[in-house]
There are 2 protein chains.
Amino acid sequence: MGTPALLLFLVIALAAKSGCRGHHEAPSLWQSPLRFSADSAFKIALFADLHYGENAWTDWGPAQDDNSDRVMSAVLDMEIPDFVIYLGDVITANNLPIANATLYWDRALSSTRSRGIPWCSVFGNHDDAPFEWPSEWFSAAGIPQVICPPANISFSDGEVDDAALSDCNFKGTTRVKLISAEINDNGLSYSISGPKNLWPSVSNYVLQVSSSKDPKLPAVFLYFLDSGGGSYPEVVSNAQAEWFLRQSLKINPDASIPEIIFWHIPSTAYKKVAPMPIFGIHKPCVGSINKERVAPQEAEWGIMDMFVDRPSIKAVFAGHNHGLDWCCPYKNLWLCFARHTGYGGYGDWPRGSRILSMTEQPFSIESWIRMEDGTKHSHVILSS
Amino acid sequence: MGTPALLLFLVIALAAKSGCRGHHEAPSLWQSPLRFSADSAFKIALFADLHYGENAWTDWGPAQDDNSDRVMSAVLDMEIPDFVIYLGDVITANNLPIANATLYWDRALSSTRSRGIPWCSVFGNHDDAPFEWPSEWFSAAGIPQVICPPANISFSDGEVDDAALSDCNFKGTTRVKLISAEINDNGLSYSISGPKNLWPSVSNYVLQVSSSKDPKLPAVFLYFLDSGGGSYPEVVSNAQAEWFLRQSLKINPDASIPEIIFWHIPSTAYKKVAPMPIFGIHKPCVGSINKERVAPQEAEWGIMDMFVDRPSIKAVFAGHNHGLDWCCPYKNLWLCFARHTGYGGYGDWPRGSRILSMTEQPFSIESWIRMEDGTKHSHVILSS
């Protein structure tokens, strides 16, 4: 790799020793860097809980997906972000009676892709879940036609074509297959399939937003963590915590570069700062809906203490709870919910997107929620 | 197929119009018939809830499997049955972090196979379940070494070997794959992969026990029904009920031939006849343990009414509840539990096997439970 190529190598695939290559090593040579411009903020839109692919055998489901397309298009056209983060539950795989869910995942990316905006994704608890057969399909009403290739299944020689049969079992598309399809099919994707020694957890990686002055100089680090669910428990493992610690000490040893965390399921610490539902959201918390209890990760294996120990970490962003959109301070950082963006998934609260806007020098980070109808609310400064 | 071959064709694969071929059509030409002898009873042993493959990463799990081998060997050597029925939950797939569970299924068959005794199987709710990752594997203790082929996974060309990756996801071995492996690998297996139009339900078929006088003449029909669970709800569907009705009216239109039903999960009707736990088991019920509530199928889509309408149906046998081993009358038939045979699965009640013994002329069916330690109890006449 020559020097010019090195200069362009701006997406850092920070893989563990175990040998994660980072799918981006080769493609990223030609990828536009994530980078501050000299005179404007770096803006990120969070698309949380889109839940594409629900009830595809009815009219209702596809109509919701159209609605979700519309929300994202509206937000993108109003905010024109530099980057988009798909914050998990991109699809509702437990509602998808198909063998390969990557088509629905790809559909969720299309509004962003068609505008030439780069993005990345983390997994939620619905993304690789196996299909849950509705009980009523076993009643007299019967099973609707589902996408299943029986024509390929031959019993004539007494042998069964296992590949064809497994296509009819809807056991969920694996995290690795989903993220691989996203990366391989999209030059604009900054997602990375994380270190193999962290499996079954997959979406664990770091992206660098570079300085406007020097593309090699990091200005902000964005950490993405797979908070589990679907095919395995809803946890951030001790192994992930140790991986985070190693990475952060390596790339930002003196904690001088601001850092931000993104995951799907809130940690148990969110419960500690959650406003009481009956009192609404009051300062220092900022937000507009507080309609349910925090549904946190199943266990806390140490990563929150690591976050708190690093003054460089400014904020942690989660989705998962569609009825919560607040930010609250927790020790030296902020714990924030995104905003339910998709028409899929539970809840009828109006849809929107949490926007982050960062400046480089001096560093600042502020956030607000942009609604589908164009309104904007819940402005908060997260760097104070 | 010539006349001599026809004469030997005694296992009837009673498939629906949809095109189930029945894996046995070809192999069964050479298979010994299930048939009454002129002077002795036809005896069946029920092996219920063996739950092979639990906690294979500890010493405890493999030791339980050894114990289950010992139970079956003891029962087979004491009773010398003509046929064995594996009544579901042969394996605990949700405890199996391996890609292909057929090895554990095969292990469960070995005691019977090594004695040259024919058998068949139905599915329980644990047999095709996806692996449930233990939460503690995500703590500092970490994930034990599990059988997963990372060496085959190549990222070098930017493409992922999906087949290799899916081997590390432990999404459960499909019912069709399990039953196909059993059938293809064992000439003694009488299992049949049921009609495809009943999927995801698979183990639906009928076996004929022929008369001692004429191998073409049916003396008893044994019906096997997949009561679901694992990858889909715990139900016997309306489609299965209709299939049962069509089959029974076709092969036994005047209900003159005795019929017996086998499935894993008891129907809701079992709850209606269950003895009250505090009062023990009293006549007309017969049994020795009544230690828990009946855990029935999720819904009743009509098959129990069909059973009751057929005077030919003498008894229905279920597993699933390890703490129940009674038979109780229900209208014109008997509802029976088997006996927990395996050391896998919950409960420490002593292990055993329910035995059925039938005579042809006059037809009679009696049953008892043979324990691992050689004792025998709970004798009941089911044809009265």
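The values are calculated or read from the model by the stated rules, or taken from the named source; none is laboratory data. Bear in mind that the values here come from a model prediction, so they are computed numbers and not experimental data. As a convention, Cβ positions derive from the backbone with ideal geometry for all residues, glycine included, and neighbour counts pool all protein chains shown.
I'd like to check something: does the stretch A:250-264 contain any residue that is under 20 Å from B:ALA141 (Cα atoms), of a type in the set (D, E, K, R) and in the same structural domain as A:ALA48 (by TED's automatic domain parsing)?
Looking through the stretch A:250-264, none of the residues is under 20 Å from B:ALA141 (Cα atoms), of a type in the set (D, E, K, R) and in the same structural domain as A:ALA48 (by TED's automatic domain parsing).
Would you tally the residues in the stretch A:49-100 being under 23 Å from A:GLU234 (Cα atoms) and among the aliphatic types (A, V, I, L, M)?
Of the residues in the stretch A:49-100, 7 are under 23 Å from A:GLU234 (Cα atoms) and among the aliphatic types (A, V, I, L, M).
Could you list all residues from the stretch A:41-90 that are in a loop (DSSP other than H, G, I, E, B) and under 21 Å from A:GLY229 (Cβ atoms)?
Those that are in a loop (DSSP other than H, G, I, E, B) and under 21 Å from A:GLY229 (Cβ atoms): A:ASP49, A:LEU50, A:HIS51, A:GLY53, A:GLU54, A:ASN55, A:LEU87, A:GLY88, A:ASP89, A:VAL90.
When you go through B:SER40, B:SER121 one by one, which is the residue that is of a type in the set (Ser, Thr, Tyr), closer than 25 Å to B:ILE260 by Cβ and under 14 Å from the mean Cα position of the chain (by Cα)?
B:SER121
B:ALA299 is checked against (1) of a type in the set (Gly, Ala, Ser); (2) crowded, with 17+ Cβ neighbours inside 10 Å; (3) in contact with a strand residue (DSSP E or B) (Cβ under 7 Å, 6 or more places away or on another chain) and fails just one. What number does that condition carry?
(3)
What is the one condition in (1) at pLDDT 90 or above; (2) assigned to a loop (DSSP other than H, G, I, E, B) that A:ILE12 does not satisfy?
Failing condition for A:ILE12: (1).
Can you tell me which of B:ALA74, B:ALA108, B:ALA45, B:ALA140 is of a type in the set (Gly, Ala, Ser) and outside the structural domain of B:ASP226 (by TED's automatic domain parsing)?
None of the others qualify; the one that does is B:ALA140.
Across the stretch B:68-94, what is the number of residues that are without any contact (Cβ under 8 Å) to a residue 60 or more places away in the chain, surrounded by fewer than 23 Cβ atoms within 10 Å (Cβ to Cβ) and closer than 18 Å to B:HIS340 by Cβ?
Here the count works out to 3.
For the stretch B:119-136, indicate whether the set of residues that are modelled with pLDDT of 95 or more, over 26 Å from A:ARG175 (Cβ atoms), surrounded by fewer than 18 Cβ atoms within 10 Å (Cβ to Cβ) and touching a strand residue (DSSP E or B) at 6+ places or on another chain (Cβ under 8 Å) is non-empty.
No; the residues of the stretch B:119-136 include none that is modelled with pLDDT of 95 or more, over 26 Å from A:ARG175 (Cβ atoms), surrounded by fewer than 18 Cβ atoms within 10 Å (Cβ to Cβ) and touching a strand residue (DSSP E or B) at 6+ places or on another chain (Cβ under 8 Å).
Give the residues of the stretch A:229-270 that are under 15 Å from A:GLN297 (Cα atoms), surrounded by fewer than 24 Cβ atoms within 10 Å (Cβ to Cβ), within 11 Å of chain B (Cβ to nearest Cβ) and among the hydrophobic types (A, V, I, L, M, F, W, C), sorted by residue number.
The one that is under 15 Å from A:GLN297 (Cα atoms), surrounded by fewer than 24 Cβ atoms within 10 Å (Cβ to Cβ), within 11 Å of chain B (Cβ to nearest Cβ) and among the hydrophobic types (A, V, I, L, M, F, W, C): A:ALA241.
A:SER203 - would you say it is among the small types (Gly, Ala, Ser) and either within 14 Å of chain B (Cβ to nearest Cβ) or assigned to a helix (DSSP H, G or I) (or both)?
no
Checking A:SER256 against (1) of a type outside the set (A, V, I, L, M, F, W, C); (2) in a loop (DSSP other than H, G, I, E, B); (3) closer than 23 Å to A:GLY352 by Cβ, which test does it fail?
(3)
Based on this model, can you work out whether B:THR58 counts as within 24 Å of B:PRO350 (Cα to Cα), more than 20 Å from the chain's Cα centre (by Cα) and β-branched (Val, Ile, Thr)?
Considered against the rule, which asks whether it is within 24 Å of B:PRO350 (Cα to Cα), more than 20 Å from the chain's Cα centre (by Cα) and β-branched (Val, Ile, Thr), B:THR58 comes out as yes.
Scan (1) buried (at least 19 other Cβ atoms within 10 Å of the Cβ); (2) in contact with a strand residue (DSSP E or B) (Cβ under 6 Å, 6 or more places away or on another chain); (3) polar (S, T, N, Q) for the single condition B:SER383 breaks and write down its number.
(1)
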